[in-house]
1. Let's test the formula: R0 of 41 Å, r as the Cβ-Cβ distance of Ala97 and Asn147. What FRET efficiency results, to the nearest 0.05?
2. Rounded to whole Hz and in sequence order, give me ³J(HN,Hα) for region 114-123 from the Karplus expression 6.51 cos²θ - 1.76 cosθ + 1.60, θ = phi - 60°, writing x for Gly and Pro.
3. Provide the per-residue ³J(HN,Hα) series for region 86-98, in order, calculated from phi with Karplus coefficients 6.51, -1.76, 1.60 and θ = phi - 60°, each as a whole number of Hz, with x at glycine and proline positions.
4. Amide H to amide H under 5 Å from Thr84: which residues, 5+ apart in sequence or cross-chain, H placed 1.01 Å off N in plane?
5. If you stretched the chain out fully between Arg46 and Glu137, how much longer would it get, using 0.36 nm times the residue separation minus the C-alpha to C-alpha distance?
6. Expressed in nm to one decimal, what extension gain is obtained for the pair Thr157 and His11 from 0.36 nm per residue of sequence separation less their Cα-Cα distance?
7. At a probe size of 1.4 Å, how large is the accessible area of Tyr81, to the nearest 10 Å²?
8. How long are the three semi-axes of the equivalent ellipsoid of region 84-200, in whole Å, if each is the root of 5 times an eigenvalue of the C-alpha gyration tensor, listed from largest down?
Amino acid sequence: MLELAILGLLHESPMHGYELRKQLTTKLGAFRFAISYGSLYPTLRRLQASGWITEGAPATGMPTSTEDVPLLTGKRGRVVYTITAEGKERFQELLGAAGPETYESEAGFGVHFAFFARTDPATRLRILEGRRRRVEERREGLRDVLNRAAERLDAYTLELQRHGLDACEREVRWLEELIANERSGKSPQPPSAEGPERSS
């Protein structure tokens, strides 16, 4: 998943390591995709060894002094990474993979969803439908717990189970809307800047 995320971000623009980590956190933070320098730089080295990215000197406007990057990143934070033609092919290959790993975990689904604009419609639909099945299974499991064991749970544990059930039900509704949009050829609509209308 980290490989896909890095290639996807570099597909949009060359970046140095510090900026790449910031973008990973910003773009994928909603899916709890925590990333440390200890896992970022080994992955970057592996991608470079595979010929999918290259590194070079900072471009205009990028940090050039040690004051501009955190001390923990050292000189590596001032290297700019750029995706290669082979890296773009690898990115498309990873996007087209729609197995269980793409919808069973929060991180796997989140990374793929973040790059849905570059994913073909058939793959998007497979991932959304797979994710919906997994969340529906989780929802039914929580309902079963609440139906069979509610009286044996303390109030806080019961509330936690209900919270999980509510979250599953909201996600299923969201996924069903996305699936309906995909089937009709529509893109998700951003929320109105004016916010919901108030009834008088």
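1. So, using R0 = 41 Å, E works out to roughly 0.65.
2. Values, residue by residue: 4, 10, 4, 4, 9, 9, 5, x, 5, 5 Hz.
3. Going residue by residue, I get 5, x, 5, 5, 5, 4, 5, 5, 5, 4, x, 6, 10 Hz, with x marking Gly and Pro.
4. Distant-sequence amide H within range of Thr84: Ile53, Thr54.
5. Length gained, Arg46 through Glu137: 29.1 nm.
6. 48.1 nm
7. Probe radius 1.4 Å; accessible area of Tyr81 about 0 Å².
8. Semi-axis lengths for region 84-200 are 32, 22, 12 Å.
The values are calculated or read from the model by the stated rules, or taken from the named source; none is laboratory data. On a predicted model such as this, the values are computed, not experimentally measured, just so you know. So basically every Cβ, Gly included, is an ideal-geometry build from the backbone, and we count neighbours across all protein chains shown. SASA here: full protein model, heavy atoms, side chains in, ligands and nucleic acids out. Shrake-Rupley method; radii C 1.70, N 1.55, O 1.52, S 1.80 Å.
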